[in-house]
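A.B. asks: Got a structure for you, questions after.
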Amino acid sequence: MLEKVKEMWEELNRYHCERSEHFKSHYQAMSFEKRKAVLLRKAECGEMRVDMAFDELTGKAVGYIVSTVCSDNVGEIQSVYVDAAYRRMRIGG
């Protein structure tokens, strides 16, 4: 399922890289494959969930959220993205 969010994740990473003053090198060095490996490791100790939002008219994926829950029942949002054209439209609300 993570492969389905790759393009959106890369857009999110570019967004942060362009705007970050203090973590630019982090975003420049990060690839989807590196991030995916981290998420899969986190999922080994519990559960990972990937939810996606789609444009109902076109079927295009317009957003996602990746969350994990570890064995001690601690949950964390790992990544969240909504396409700029769809923001402030209550996507996922």
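The values are calculated or read from the model by the stated rules, or taken from the named source; none is laboratory data. All values reported here derive from a predicted model rather than from experimental measurement. Glycine also receives a Cβ, built like all others from the backbone with ideal geometry; neighbour counts cover every protein chain displayed. Heads up: the accessible areas ignore ligands, DNA and RNA and are worked out on the full protein's heavy atoms, side chains in. Shrake-Rupley method; radii C 1.70, N 1.55, O 1.52, S 1.80 Å.
A.B. asks: Can you give me the number of residues within region 74-93 that are without any contact (Cβ under 8 Å) to a residue 12 or more places away in the chain, closer than 16 Å to His16 by Cα and in a loop (DSSP other than H, G, I, E, B)?
C.D. replies: So the count comes out to 0.
A.B. asks: I've got another one for you. Identify, please: which residue in region 46-77 is of a type in the set (Val, Ile, Thr) and either under 10 Å from the mean Cα position of the chain (by Cα) or open to solvent by 30 Å² or more (accessible area, probe 1.4 Å) (or both) and is, among those, farthest from Arg35 (Cα to Cα)? Full working, then the answer.
C.D. replies: Taking region 46-77 first, the residues of a type in the set (Val, Ile, Thr) are 50, 58, 62, 65-66, 68-69, 74, 77.
Add one more test, that the residue is either under 10 Å from the mean Cα position of the chain (by Cα) or open to solvent by 30 Å² or more (accessible area, probe 1.4 Å) (or both), and what stays is 50, 58, 65-66, 69, 74, 77.
On the way: Val50: 14, Thr58: 28, Ile65: 14, Val66: 12, Val69: 17, Val74: 20, Ile77: 14 Å.
Step by step, filter region 46-77, then rank; the result is Thr58.
A.B. asks: Considering only residues that are under 17 Å from Lys6 (Cα atoms) and of a type in the set (D, E, K, R), which ones fall in region 26-47? So that I can check it myself, show each step before the final result.
C.D. replies: To start, the set of residues in region 26-47 that are under 17 Å from Lys6 (Cα atoms) comprises 27-40.
Result: Glu33, Lys34, Arg35, Lys36.
A.B. asks: Are there any pairs, at least 6 apart or on different chains, whose C-beta atoms fall under 6 Å, with the first in region 1-19 and touching a residue at least 24 places away in the same chain (Cβ under 8 Å) and the second open to solvent by less than 70 Å² (accessible area, probe 1.4 Å) and outside any helix (DSSP H, G or I), and if so, which?
C.D. replies: From residues that are touching a residue at least 24 places away in the same chain (Cβ under 8 Å), the pairs are Met1/Val50; Val5/Tyr64; Met8/Tyr64; Met8/Tyr81; Leu12/Tyr81.
A.B. asks: Let me ask you something else. Got a sec? Which of Met52, Met30 is modelled with pLDDT of 95 or more and touching a Cys at 6+ places or on another chain (Cβ under 9 Å)?
C.D. replies: Values: Met52 fails: touching a Cys at 6+ places or on another chain (Cβ under 9 Å).
From the options Met52, Met30, the qualifying one is Met30.
A.B. asks: Checking Leu40 against (1) in a helix (DSSP H, G or I); (2) in contact (Cβ under 8 Å) with a residue 24 or more places away in the chain; (3) open to solvent by less than 70 Å² (accessible area, probe 1.4 Å), only one condition comes out false. Which one?
C.D. replies: (3)
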